[in-house]
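The values are calculated or read from the model by the stated rules, or taken from the named source; none is laboratory data. These figures come from a predicted structure and were not determined experimentally. Every residue, glycine as well, gets a Cβ built from its backbone with ideal geometry; the counts of neighbours run over all protein chains shown. These accessible areas exclude ligands, DNA and RNA; they are computed on the full protein's heavy atoms, side chains included. Shrake-Rupley method; radii C 1.70, N 1.55, O 1.52, S 1.80 Å.
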Amino acid sequence: MTDLSTFSNFGSVLDAVRRSMQHLIPPPDLKPSDWAEKNIKIPVGNAIPGPINFDNAPYQRGMIDAIKERGVRRISYMTGAQLGKTTVQQCATSYFIAHEPRSQIFVQPTQGDVQTFLETKLRPMLESNPEIARKMAKPRSRDGVNNSRMISYIGGWLLFSWAGSPKTLRGRSAPVTHADEVDGMEATAEGDPVELLSQRAATFGDQALRTESSTPTVAGASRIENAFNEGDRRRYYVPCPHCSEAQFLKWENVTWVGRKSSNIQDARDDLDQDHKPETAGYRCECCGQVWTDGERIAAIRNAEKLGHGWKAEKPFRGHISFHAPEMLSTFRKMRDIVQSYLDKLALDDLQVFVNVSLGETYEEKGDKADPETLQNRAEEYKSTVPNGGVYLTCGIDMQMDRLELEIVAWGAGEESWSIDYRVLWGDPLGEEVWEDLDDILESTYLHESGAQLSISASCLDTGGTAGYTQRAYEYVKSRRNRKLFAIKGRGGWGMPIVQSPQRKQSGKDKRKIDLFIVGTDEAKLVVMRRLDLDKQGPGYCHFPIERETEWYRQLTAEKLVTRYIKGQPIREWHKPDRARNEGLDCRVYALAALKIMQPNLKRIAERVAMGGDSIRTVQSDEPVKSSSTIIRKKAKVTETNVDAVQPTTIIKKRKVFGNKK
């Protein structure tokens, strides 16, 4: 059979042999970053579409090349947002599809995250790279699978799963596993999903590779921080343009006109300062010279050429870990990062900045407030509603024999003043206790400017047994014009304080009502952090001097503790036996009412400063009769003081939410 002349189509046979021989040639020995720059194109819609160029993000080169380092078995990426950690994992996925085929499993926190990742990131990238797509099965073809669960290709397959589906994780094994946003994954009944995923590659020995990435969350409960500390802790060193000393970028070295803080721990020192973010720069920790944005970006791009770049703090033992803050981005100017910091500081939401921009975990301080400390700083209000409070909300907690409620005034930056706390005794299945609640929600409260404020929004907890829940639904349904919202608490980290409402039946053959889900774990954390603040300003909580000691005990009854389940840290709120926490619940519900309405507190405060007439006033033909209908029972306001206010109060004839008259 060596005589090819016996074939009538000799040329075609020769071409077939040549094509077959191409598949026997081993792939060229390329670094993954070099292969990516030659073969991967960023799809349209990204910041810089077209062929990928790591000169725009030089720190990504070392992050992707790590997948081929000798002896590596695990890689952890702890970075800020928009620093390309998902792009790095996509490049690694493509590398193991087109250049060195291996089967892979890619896991996201939720099923929705899987669909979003497929439709907005992976599929657009594959469609922009026909050389990679050519090696994969076509959708709805007979030569393989290509759908939302799996993509098969020459030499392997890529399976998609989510953390809440341990059954899917058990069904397949693969030498390469990827996990994205691991801090957003919740433990299942079968254990930690990240550890379950790692077991899928255990049988492949030295061929196994595990990658995981995430923006970190809270210190002590962050998977990615634990993984970073277990690895060799690599940081990206850049040389100073003035003294050439290499260093990794730290927030404490960022400087601008107006900064008073030295780090995140004393960030509140930056409140009420005249900041000029446009003057932001980076100060060298060695020579003290301030870098401009151009010098910083040039230093980042030239770091590896000058022998710097990624350097490990610990010896390499098979586990590589990276940390990258937003200051490494060549697309972000320092003034924008500083402005983001100031915005989060004004909203009392520094955790977002620490996690997303610095790529670090947030150190919890307000896990447990001290009731005596809070009571000792109580104040004597000049009026029922002090000048700073301009928007009233009410949180109502339903028990089997009573209703408890707190009325809170909110000001700029969500600074708060506790106005009143009531316990209404009576069976919620009856009518009397709800009539008492009507009287309170219809009341108005004297503002220091002389105007009368009504309650702008209220939240009623509908949890409990079926009969009480149904009664709460009926009450809310009959009083829609009062901005009274039905809510139900739900535990779980990472949830918003208030989710979009669900439609619930308020009774047989009756119209449905909107039920808002309140993320109680996150809401309590916000409340506890604010209780821990000792400087007046955004988020600070004020209390009246007349409030009883028992209320402070209820407000601080719960403590955030961390317990370990199957080796994984789980954070949860713990309340001692027989301790009451209605005060805390009511404050959470009052905060939820504020989040539902989302008023522009800064604008309202400006209108108040211009004149009390701009606030919602009492809409009635009758003057204010007495202080007992306006202020708390224990408030010490004399009859003459109220009369002195009345002539300056403008009474308009206009209907108010919740006013039956």
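Structural remarks
- When VAL352, VAL408 are screened for being under 30 Å from VAL476 (Cα atoms), of a type outside the set (Asp, Glu) and either part of a strand (DSSP E or B) or open to solvent by 20 Å² or more (accessible area, probe 1.4 Å) (or both), only VAL408 passes.
- If the condition is being touching a Pro at 6+ places or on another chain (Cβ under 8 Å) and within 21 Å of TYR95 (Cα to Cα), then the stretch 182-202 contributes only ALA201.
- Against the test of being open to solvent by 70 Å² or more (accessible area, probe 1.4 Å) and at pLDDT 90 or above, the options LYS488, LYS524 yield a single qualifying residue, LYS488.
- Qualifying residue in the stretch 312-330 (condition: aromatic (Phe, Trp, Tyr), farther than 24 Å from LEU601 by Cβ and buried (at least 22 other Cβ atoms within 10 Å of the Cβ)): yes
- ILE497 vs. criteria over 20 Å from the mean Cα position of the chain (by Cα) and buried (at least 17 other Cβ atoms within 10 Å of the Cβ): no
- Which listed residue is under 23 Å from LYS477 (Cβ atoms), assigned to a strand (DSSP E or B), touching a residue at least 12 places away in the same chain (Cβ under 8 Å) and touching a strand residue (DSSP E or B) at 6+ places or on another chain (Cβ under 7 Å), from LEU437, LEU424: LEU424
- Filtered residues of the stretch 368-389 (kept if of a type in the set (A, V, I, L, M), modelled with pLDDT of 90 or more and not in a strand (DSSP E or B)): LEU374, ALA378
- Breaking point among (1) open to solvent by less than 10 Å² (accessible area, probe 1.4 Å); (2) modelled with pLDDT of 90 or more; (3) out of contact with any Ser or Thr (no Cβ under 6 Å at 6 or more places or on another chain), for LEU392: (3)
Condition check ((1) at pLDDT below 95; (2) closer than 18 Å to VAL526 by Cα) across all residues:
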residue	(1), (2)
PHE543	no, yes
GLU546	yes, no
GLU550	yes, no
LEU555	yes, yes
LEU560	yes, yes
TRP573	yes, yes
ARG578	yes, no
TYR589	no, yes
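- Flag: ARG102 matches the condition of being at pLDDT 85 or above, farther than 29 Å from HIS308 by Cα, in contact with a helix residue (DSSP H, G or I) (Cβ under 7 Å, 6 or more places away or on another chain) and open to solvent by 40 Å² or more (accessible area, probe 1.4 Å).
- Applying the criterion of being among the hydroxyl-bearing types (Ser, Thr, Tyr) and on the phi < 0 side of the Ramachandran plot to the residues of the stretch 232-255, the residue that is least open to solvent (accessible area, probe 1.4 Å) is TYR236.
Residues checked against (1) touching a helix residue (DSSP H, G or I) at 6+ places or on another chain (Cβ under 8 Å); (2) at pLDDT below 95:
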residue: SER213; (1), (2): yes, yes
residue: PRO216; (1), (2): yes, yes
residue: GLY220; (1), (2): no, yes
residue: ARG223; (1), (2): yes, yes
residue: ARG235; (1), (2): no, no
residue: GLN265; (1), (2): no, yes
residue: LEU271; (1), (2): yes, yes
residue: CYS286; (1), (2): no, yes
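- Of the residues making up the stretch 38-58, just one is touching a Ser or Thr at 6+ places or on another chain (Cβ under 8 Å) and in a helix (DSSP H, G or I), namely ASN39.
- Any hit, the stretch 59-77, residues being of a type outside the set (Val, Ile, Thr), within 17 Å of TRP162 (Cα to Cα) and part of a helix (DSSP H, G or I): no
Conditions (1) open to solvent by less than 40 Å² (accessible area, probe 1.4 Å); (2) not aliphatic (A, V, I, L, M), marked per residue:
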residue: ALA163; (1), (2): yes, no
residue: PRO166; (1), (2): yes, yes
residue: SER173; (1), (2): no, yes
residue: VAL182; (1), (2): yes, no
residue: ASN229; (1), (2): no, yes
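- Flag if SER458 is surrounded by fewer than 23 Cβ atoms within 10 Å (Cβ to Cβ), part of a strand (DSSP E or B) and either modelled with pLDDT under 90 or under 35 Å from the mean Cα position of the chain (by Cα) (or both): no
- Leading residue by the ranking (nearest to the chain's Cα centre (by Cα)) among those in the stretch 112-127 that are in contact (Cβ under 8 Å) with a residue 60 or more places away in the chain and under 18 Å from PHE96 (Cβ atoms): PHE117
- Test: residue in the stretch 359-367 that is in contact with a strand residue (DSSP E or B) (Cβ under 7 Å, 6 or more places away or on another chain), modelled with pLDDT under 95 and either of a type in the set (A, V, I, L, M, F, W, C) or part of a strand (DSSP E or B) (or both): yes
- Odd one out for ARG70, checked against (1) without any contact (Cβ under 8 Å) to a residue 24 or more places away in the chain; (2) within 27 Å of ASN355 (Cα to Cα); (3) open to solvent by 20 Å² or more (accessible area, probe 1.4 Å): (2)
- Out of LEU83, LEU24, LEU4, one residue alone is open to solvent by less than 40 Å² (accessible area, probe 1.4 Å), farther than 23 Å from ALA133 by Cβ and at pLDDT below 95. It is LEU83.
- Members of the stretch 256-303 that are touching a residue at least 12 places away in the same chain (Cβ under 8 Å), among the hydroxyl-bearing types (Ser, Thr, Tyr) and open to solvent by less than 30 Å² (accessible area, probe 1.4 Å): TYR282
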